[in-house]
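Data block below; observations after.
The values are calculated or read from the model by the stated rules, or taken from the named source; none is laboratory data. Model, not experiment: these values are computed from the prediction. Note that we place each Cβ from the backbone using ideal geometry, even for glycine, and neighbour counts take in every protein chain shown.
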Amino acid sequence: MPREEGHEFDVDKLGDTFYIVTNWQAKNFRLMTATQSTIADKHRWQEHTAHRENVLLEGVEIFDDYLILTERELGQTRFVVVDQQAERLTLEFDDPCYYAAIAMNPEPNVSSARIYYSSLTTPGSLYDVDLKTGNKTLLKQQQVLGDFNPEHYRSERLMVTARDGEQVPVSLVYRIDQFNKDGSNPLLQYGYGAYGITIDPSFSSSSLSLLDRGFVYAIAHIRGGEMLGRHWYEQGKKQYKQNSFSDFIDVTHALTEQGYAHPEKVFASGGSAGGLLMGAVVNQAPELYLGIGCHVPFLDVLTTMLDESIPLTTNEYDEWGNPNDPAFYDVIQAYSPYDNIKPQAYPNILVTTGFHDSQVQYWEPMKWVAKLRELKTDDNILVFKTDMDAGHGGASGRFKSLEEKALEMAFFIALLSNKGLDK
């Protein structure tokens, strides 16, 4: 297959048949088949599963007698088993929001498949699924130390109406006996929103400490991710990047208005491109948040994207736009966190970075913090921590990531305590 601008495809093969997941004339992808004699000419491919405007086809797993299609509709993953008679069986899950993926299935001549499953209340689990009946057998589940009981927690999935009318998915979880939908609980809202990366709602044992203290934990599936299909990603990149920030702010408004959180107990967190999200949000709506966790953050967007000597810059033009083009210069300048700091009150902010970060160099958050300290008009806490052993993904070691998570959690809990809001 010759390379073709904009054509993305993935090929697998069983027997004499090639299976191609392709976006050719199919923004949300479709499944095509081919043989050795037709694989090099896409016009001769045969359609197996057609493109659908509201369903994203993410992949296919091939067995001798079955195919498993991984699809996403309205943001939720599902598996569709297709047998040799083209009969289709959709595998069902009970949680309102979850993460599921096809696990390792090295043998094609079987009638069952391994599937990994996790939700905001269900630890990571490995199931063996009968492909004829859909019955699931639990093989292994992540152990959680302490007195964890999944029945003590509840997850929900909401759709929040953004300012332009789009429906933004939100996944949230809380401890049942610590939650009252009366606007009294603290909230930690997480977001990313870039590169078409979908932040699926999965289990996090490290978050239990906050949930047990009455926090509501929410993931805002904002534009820039791909939860609602390719269109969702395209509407949160380049000239539409502001949608990511507006969606996150609108979700915060909705969660407080609907009684999920006290308006003075709202926290937000994000890293890397999610750190850019945090930087833009605190410029645009600082009054909404008591505290912010901003990690390995991409904050000096305009200056970095103008520097073509940085290895990642030119590869990133398709995500952010090329600021050498005056139109994209204006777009990026309008939201770039460093370029939009102004004299106003900002939330309490914890900023972390790694000295060996090759993706977002440490001086980006350092510059941002220095300018913020100069211009902000409040007396709120602004902590800047550089890990001299860490890169973009944090430092190595089994427990280092837990220490970094504990630092942020302690920061948020201390803010509630210092303001007498922890009751």
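What residue, of 165, 274, 214, is out of contact with any Ser or Thr (no Cβ under 7 Å at 6 or more places or on another chain), surrounded by fewer than 19 Cβ atoms within 10 Å (Cβ to Cβ) and not in a strand (DSSP E or B)?
165
Mind listing just one residue for me: the one in segment 255-271 that is in contact (Cβ under 8 Å) with a residue 40 or more places away in the chain and assigned to a helix (DSSP H, G or I) and, of those, surrounded by the fewest Cβ atoms within 10 Å (Cβ to Cβ)?
256
Can you run down the residue pairs with Cβ atoms below 6 Å, 6 or more apart or on separate chains, where the first is in segment 390-410 and outside any helix (DSSP H, G or I) and at pLDDT 85 or above and the partner is surrounded by 13 or more Cβ atoms within 10 Å (Cβ to Cβ) and not small (Gly, Ala, Ser)?
none
Hand me the list of strands (runs of 3 or more DSSP E) wholly inside segment 92-158 holding 2 or more residues that are within 27 Å of residue 168 (Cβ to Cβ) and in contact (Cβ under 8 Å) with a residue 40 or more places away in the chain.
Because the criterion is at least 2 residues that are within 27 Å of residue 168 (Cβ to Cβ) and in contact (Cβ under 8 Å) with a residue 40 or more places away in the chain, the strands (runs of 3 or more DSSP E) in segment 92-158 that meet it are 98-102, 112-119.
Hey, residue 80 hits all of (1) in contact with a Ser or Thr (Cβ under 6 Å, 6 or more places away or on another chain); (2) crowded, with 16+ Cβ neighbours inside 10 Å; (3) of a type in the set (Val, Ile, Thr); (4) over 30 Å from residue 154 (Cβ atoms) but one; which does it fall short on?
With (1) in contact with a Ser or Thr (Cβ under 6 Å, 6 or more places away or on another chain); (2) crowded, with 16+ Cβ neighbours inside 10 Å; (3) of a type in the set (Val, Ile, Thr); (4) over 30 Å from residue 154 (Cβ atoms) applied to residue 80, the lone miss is (4).
Out of all the residues in segment 411-423, which are part of a loop (DSSP other than H, G, I, E, B) and either β-branched (Val, Ile, Thr) or closer than 20 Å to residue 268 by Cβ (or both)?
Answer for segment 411-423, where residues must be part of a loop (DSSP other than H, G, I, E, B) and either β-branched (Val, Ile, Thr) or closer than 20 Å to residue 268 by Cβ (or both): 419, 421, 422.
Given the options 357, 422, 378, name the one that is farther than 29 Å from residue 305 by Cα and either within 22 Å of the chain's Cα centre (by Cα) or at pLDDT 90 or above (or both).
Just one listed residue meets the conditions, 378.
Does any residue in segment 36-49 that is more than 12 Å from residue 22 (Cα to Cα) come within less than 7 Å, Cβ to Cβ, of a residue that is charged (D, E, K, R) six or more places away or on a different chain, and which pairs are these?
36/16; 38/44
Please indicate, with yes or no, whether at least one residue in segment 89-107 is of a type in the set (S, T, N, Q) and surrounded by fewer than 15 Cβ atoms within 10 Å (Cβ to Cβ).
Within segment 89-107, one or more residues are of a type in the set (S, T, N, Q) and surrounded by fewer than 15 Cβ atoms within 10 Å (Cβ to Cβ).
With the requirement that a residue be surrounded by fewer than 15 Cβ atoms within 10 Å (Cβ to Cβ) and assigned to a loop (DSSP other than H, G, I, E, B), what does segment 39-64 give you?
40, 41, 50, 53, 54, 64, listed by residue number.
Would you check which residues across segment 394-420 are among the aliphatic types (A, V, I, L, M) and over 16 Å from residue 209 (Cα atoms) and list them?
Listed by number, the list holds a single entry, 395.
So which residues in segment 204-226 are hydrophobic (A, V, I, L, M, F, W, C) and either in contact with a helix residue (DSSP H, G or I) (Cβ under 9 Å, 6 or more places away or on another chain) or on the phi > 0 side of the Ramachandran plot (or both)?
210, 211, 215, 216, 218, 220, 222
Considering only residues that are touching a residue at least 60 places away in the same chain (Cβ under 8 Å), of a type in the set (Val, Ile, Thr) and farther than 29 Å from residue 408 by Cβ, which ones fall in segment 296-354?
331
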